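Before any comments, here is the structure.
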Amino acid sequence: MTASSASSASSASSDRPLADSASSAVPRATIARARTAPIGIFDSGLGGLSVLRAIRAQLPHESLLYVADSLHAPYGLRDNEFISERTLAIGEWLVAQGAKALVVACNTATAESIALARARLAIPIIGVEPGIKPAASQSKSRVAGVLATQVTLRSERFKSLIERYASDCRFMCQPGHGLVEAVERCEIDTAQVRALLASYIEPMLAAGADTLVLGCTHYPFLDAAIRDIARGRLTLIDTSVAIARQLERVLDANGLRAPADTQPPPPRLCSTDEGVHMRRLASMLLGLDGPIEHVCITGCDQAPQQAPSV
């Protein structure tokens with residue numbers, strides 16, 4: 001079985017090269033600081049670490065600042081108003097921390113609130129969406145499965161993807177209830193998680209599916225268990241690499257890419273909960289053993305707070 005990266009990262013339609021909106025009199029030192037500023041990455045929890053991993057590989061000279069809103073995960077069980085409020089609050093916090101661009105590494109937040117974030121935040125924003133287009137192009141049986149949160153599956157953005165790219169391909173859409181919570185607990189290969197995955201995947205296989213869209217950034221951390229259950233019968237569609245490549249294009253278009261001689265510090269990892277699971281997952285899967293900062297991010301109109309690192 002092979003794994004494939006999707007080409008469906010979502011970019012900001014209003015992103016313009018820096019020269020279009022900046023005065024020619026902007027000091028070179030200011031431009032240099034902008035280029036070496038961090039890229040903000042945000043997810044409802046730990047799943048976006050899969051995106052961070054891809055960005056580090058694609059853009060090794062960039063400084064990265066990651067926020068996991070684990071205190072409020074999973075977003076798939078939240079209402080749209082709550083998701084929008086959290087996306088804006090964390091986006092504002094990252095801007096206040098000096099982020100030069102924002103990656104919304106959460107399918108649910110992208111589906112519900114990326115348009116609002118782009119209207120409110122004055123930095124380029126890259127989102128993520130399920131890889132329906134590449135799945136439709138790769139499936140030979142013309143049956144594909146989708147694992148995603150309930151919010152993503154019911155969003156207009158997802159429905160639009162199906163309408164545009166899946167006219168001749170049957171998509172079996174399965175809410176991944178319990179999977180985000182399992183990853184948040186670092187339970188990525190337990191008997192209970194395997195049983196849950198099997199209950200979702202086996203009906204897809206029985207229906208002839210040969211492709212599976214991982215429609216949540218948490219799910220790539222479950223790919224080994226999924227492969228074992230599928231026994232070589234599913235091609236997995238993961239958008240992380242596509243997001244990193246789209247980010248590279250957006251940085252170049254806006255004159256924000258870090259110089260090739262930049263030696264960035266290790267990624268700065270922050271969590272809205274105590275960060276214990278985040279530290280374990282970052283160490284286990286990314287080889288990152290630094291502290292996790294506990295941050296208290298309130299409404300976007302309130303001053304951000306920061307608690308001690310763990």
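If you go through segment 188-204 and keep only what is surrounded by fewer than 16 Cβ atoms within 10 Å (Cβ to Cβ) and closer than 17 Å to Leu286 by Cβ, you end up with just Asp189. Can you name the number of the only condition in (1) surrounded by fewer than 22 Cβ atoms within 10 Å (Cβ to Cβ); (2) at positive phi; (3) at pLDDT below 95 that Gly275 fails? Every condition holds for Gly275 apart from (1).
Every listed requirement among (1) among the polar types (S, T, N, Q); (2) modelled with pLDDT of 95 or more; (3) farther than 15 Å from Asp43 by Cβ is met by Ser309 save one, (2). Every listed requirement among (1) surrounded by fewer than 16 Cβ atoms within 10 Å (Cβ to Cβ); (2) out of contact with any strand residue (DSSP E or B) (no Cβ under 7 Å at 6 or more places or on another chain); (3) more than 21 Å from His72 (Cβ to Cβ) is met by Arg185 save one, (3).
When Thr87 is tested against (1) among the hydroxyl-bearing types (Ser, Thr, Tyr); (2) assigned by TED's automatic domain parsing to the domain that holds Leu256; (3) closer than 30 Å to Thr235 by Cβ, just one condition goes unmet, and that condition is (3).
Residues in segment 161-171 that are under 16 Å from Thr149 (Cβ atoms) and not in a helix (DSSP H, G or I): Phe171 only.
I'd like to check which helices (runs of 4 or more DSSP H) are fully inside segment 1-114 and have at least 2 residues that are modelled with pLDDT of 60 or more. Can you show your working first?
On the way: elements: 18-21, 28-36, 49-58, 80-96.
Once the helices (runs of 4 or more DSSP H) in segment 1-114 are filtered for at least 2 residues that are modelled with pLDDT of 60 or more, what remains is 28-36, 49-58, 80-96.
Scanning segment 115-154 for residues that are of a type in the set (Ser, Thr, Tyr) and either modelled with pLDDT of 95 or more or part of a helix (DSSP H, G or I) (or both), we see that the one that is nearest to Ala242 (Cα to Cα) is Ser137.
Take the conditions more than 26 Å from Tyr66 (Cα to Cα) and in contact (Cβ under 8 Å) with a residue 12 or more places away in the chain and apply them to Ile201. Does it pass? Spelling it out, Ile201 is indeed more than 26 Å from Tyr66 (Cα to Cα) and in contact (Cβ under 8 Å) with a residue 12 or more places away in the chain.
With respect to (1) over 20 Å from the mean Cα position of the chain (by Cα); (2) crowded, with 20+ Cβ neighbours inside 10 Å, the lone exception for Asp252 is condition (2).
Only one entry in Glu112, Glu81, Glu129 is more than 30 Å from Pro266 (Cα to Cα), crowded, with 17+ Cβ neighbours inside 10 Å and acidic (Asp, Glu), namely Glu112.
Okay, residues lined up against (1) of a type in the set (Ser, Thr, Tyr); (2) surrounded by fewer than 23 Cβ atoms within 10 Å (Cβ to Cβ); (3) free of Cβ contacts under 8 Å to residues at least 24 places away in the same chain:
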position: Arg164; (1), (2), (3): no, yes, no
position: Met172; (1), (2), (3): no, yes, no
position: Ala206; (1), (2), (3): no, yes, yes
position: Val213; (1), (2), (3): no, no, no
position: Thr217; (1), (2), (3): yes, no, no
position: Asp223; (1), (2), (3): no, yes, no
position: Gly232; (1), (2), (3): no, yes, no
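Which residues, taken from segment 182-193, are over 16 Å from the mean Cα position of the chain (by Cα) and either in contact (Cβ under 8 Å) with a residue 12 or more places away in the chain or in a helix (DSSP H, G or I) (or both)? Scanning segment 182-193 gives Ala182, Arg185, Cys186, Ile188, Asp189, Ala191, Gln192, Val193.
Selection of strands (runs of 3 or more DSSP E) fully inside segment 194-278 by the criterion of at least 2 residues being farther than 21 Å from Ile41 by Cα returns 211-214, 235-238. Residues in segment 278-295 that are at pLDDT 95 or above and more than 19 Å from His218 (Cβ to Cβ) were compared, and the one that is surrounded by the most Cβ atoms within 10 Å (Cβ to Cβ) is Val295.
The values are calculated or read from the model by the stated rules, or taken from the named source; none is laboratory data. All figures in this text were calculated on a predicted structure; none of them were measured in a lab. Glycine gets a Cβ as well: all are built from the backbone with ideal geometry, and neighbour counts include every protein chain shown.
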